[in-house]
Amino acid sequence: SGVLPAAGDNVVFGSTAVLKACTWDFGGLPVATLTVEADYQGVLTWASNLSSVTGRFDMRGGTFAMTGVELKLGGDLVQTGGVFQVFNGTVTAGGMGTSWSVSSAAVFNHVNVESGATVSLSSLTVGGNLTVQTNAGLTLPAGSVVRTRGQLVQIGTVTASGSELVFQGAAPQTAPTT
């Protein structure tokens, strides 16, 4: 509590300051894991464009918000509680073989699967663009529903067997065919 994180740290927001808000603005700081515990009731605002979570992000409580920056995740994203308010910025999947499991109420502004990354994504609403870069893969497991209000930019591979990819916006859609 009250100690600044260092590169490679496992960062936990928990019961020591349950209502204390935090604005994350550390500039290029990669942390190993990020956990927001169920008893944390504050707001964690991600405001650092060059920081990243190289491993797992566990969202169990509190509120996670973003300014117009990028959050790069190298590991799994698991939400079992709390609220995502990611109305600005971009969340980027940067790891291979990762899985994102979030509440069906979660809305992320933009989602990017970067080159070389593969992610399996449960239900999610993307308020802006969903981008799958060259040499990247997005898998929607059976029963998943992913909604995008912006454009699907599919340069890499999207696999959606037994799932739904719903286009809710007015943006024109272009997807490669094989």
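Here is the P(r) of the stretch 96-175: all C-alpha pair distances, binned every 10 Å from 0, give 21, 58, 21, 0 in whole percents. Amide hydrogen proximity for TRP24: with H placed 1.01 Å from N in the peptide plane, the residues at 5 or more positions away or on another chain lying under 5 Å are THR45, TRP46, ALA47. Mean projected area of the convex hull spanned by the Cα atoms of the stretch 16-55, taken over all viewing directions: 2.9 nm². Taking the Cα centre of each part, how many Å lie between the stretch 18-66 and the stretch 101-161? Between the Cα centres of the stretch 18-66 and the stretch 101-161 lies a distance of 21 Å.
Accessible surface of GLU114 in the full protein assembly, 1.4 angstrom probe, to the nearest 10 Å²? Accessible area, nearest 10 Å²: 50 Å². Surface composition of the stretch 1-106: carbon plus sulfur atoms contribute 52% of the solvent-accessible area (1.4 Å probe, protein chains only, all chains present). The P(r) of the stretch 1-78 has a tail past 18 Å containing 33 percent of all C-alpha pairs. At a probe radius of 1.4 angstrom, the accessible area of the stretch 91-157 per residue rounds to 35 square angstrom.
Of the peptides 123-129, 3-9, the order by per-residue mean of other Cβ atoms within 10 Å, starting with the highest, comes out as 123-129, 3-9. The structure shown yields semi-axes √(5λ) of the Cα gyration tensor in Å, and of the options (i) 44, 14, 12; (ii) 68, 15, 11; (iii) 28, 16, 14 that calculated value carries the label (iii).
The values are calculated or read from the model by the stated rules, or taken from the named source; none is laboratory data. Only a predicted model underlies this, so the values are computations on that prediction, with no experimental measurement involved. Reconstructed Cβ throughout: ideal geometry from the backbone, glycine too, with neighbour counts over all protein chains shown. Accessible surface is based on the protein model in full, side chains and every heavy atom, while ligands, DNA and RNA are left aside. Shrake-Rupley method; radii C 1.70, N 1.55, O 1.52, S 1.80 Å.
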